[in-house]
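Quick note: the coordinates plus some simple rules give every number you see, no bench work behind them. Just so it is clear, the structure is predicted and the values come from calculations on it, not from any experiment. Every residue, glycine among them, receives a Cβ derived from its backbone with ideal geometry; neighbour counts consider all protein chains shown.
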Amino acid sequence: MDTADESAAQEFSSVVTSHRPQIFRFLLASTRDVDLAETLTQECFLKAFRNWSNFRGDSSVMTWLMRIAINLQKDHWRNRRMQFWRQTRTNAVDLDEASDWLPSGESSAEKQLLARERVGQVWQAVDELSDRQRTVFLLRYVEELELSEIACATGLSEGTVKAHLSRALGKVRTLLGGER
Amino acid sequence: MDKFKAERPEDWEALDPVLKQALGDFKQSVHAWSEAVYSQPRTVHLTVAHRAWRLAAGWAMASVLLVGALSGGVYERHHQQEVARIAAAREAAQQRQLAAERAQEEEDLLARVDSDVSREVPSAMEPLASLMAADETK
């Protein structure tokens, strides 16, 4: 390995260290499957490493990585639909289990219960969203990316991103309003 | 809670308080879950082993089914050939037996006719026949 390769490897290593948790978190929230999120995260960074020399910095590293992760996730579900004779069961946790993780700031038992209920309702709404709406919603309200970054990561226009966000928020609002 | 406020999307303030609270809780819940899972020791080797075992079991099952289907087909074909061979042999034996019976019947008939023809003499010629018999004895 020559000096240029070593330097690129070191650079990529720091990219992995700084961005891996966020990519994993997005994939975990998208799939609710720890094993799958871990596998897709590894595939994402493997693919990024192979293409690291082609990354020209037109977008941020985070947006570029997120785009790879979104495409891998799409490929995974497409392959899964095609290979229907394979394992049909997923390891995704159910909504109740996902709602067990509560915001750390809630002190009293009552507040924790209310927070758990709210989180469960949002998970339920997220579960009912289309793949694209879910992706846009999670990127905006969990990863807190800018609309332009979401557009870049998903390959959609900003207008389309806004429309998906609006519909997703509408569903969340309806669910929160309907079950109060 | 306030430390998240600075990081929130710019359209955050346009949301109603209930939705704002729910989205904030949801975000923190996902972050907490992800951090907890991320900091756990990896168990990838177990998963891989489990998947490899499942794959091997799948292949073994498929192989057993394939071998079973092939064996069944071969046995069925062999069985049919054997049945056909026995039926053909039985048919041939029956034919041979029938032919032998017919040949015997024909032979008996001819012998009977021959005997009848050779021994029966019209009554008017019986004295002559007795004379011929007496000459033959001499």
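Details
- Residues whose placed amide H lies under 5 Å from that of A:Ser60, excluding near-sequence neighbours: none
- Residue pairs, from the table A:Lys171/B:Lys20; A:Lys74/A:Lys171; A:Lys47/A:Lys74, whose Cα atoms sit over 18 Å apart: A:Lys74/A:Lys171
- Debye-formula intensities of segment B:55-116, expressed as log10 I(q)/I(0) at q = 0.18, 0.27 Å⁻¹, are -0.77, -0.99 (one equal scatterer per alpha-carbon, no solvent).
- Cα→Cβ-extended label distance, 7 Å offset, between B:Ala60 and A:Ser18, nm: 5.0
- On the basis of the beta-carbon distance and an R0 of 35 Å, B:Ser39 and A:Asp58 show a calculated FRET efficiency of 0.55.
- Each residue of segment A:62-67 is assigned a 3J(HN,Hα), and the resulting list reads 4, 5, 4, 5, 5, 5 Hz, derived from the Karplus form 6.51 cos²θ - 1.76 cosθ + 1.60 (θ = phi - 60°), x at Gly and Pro.
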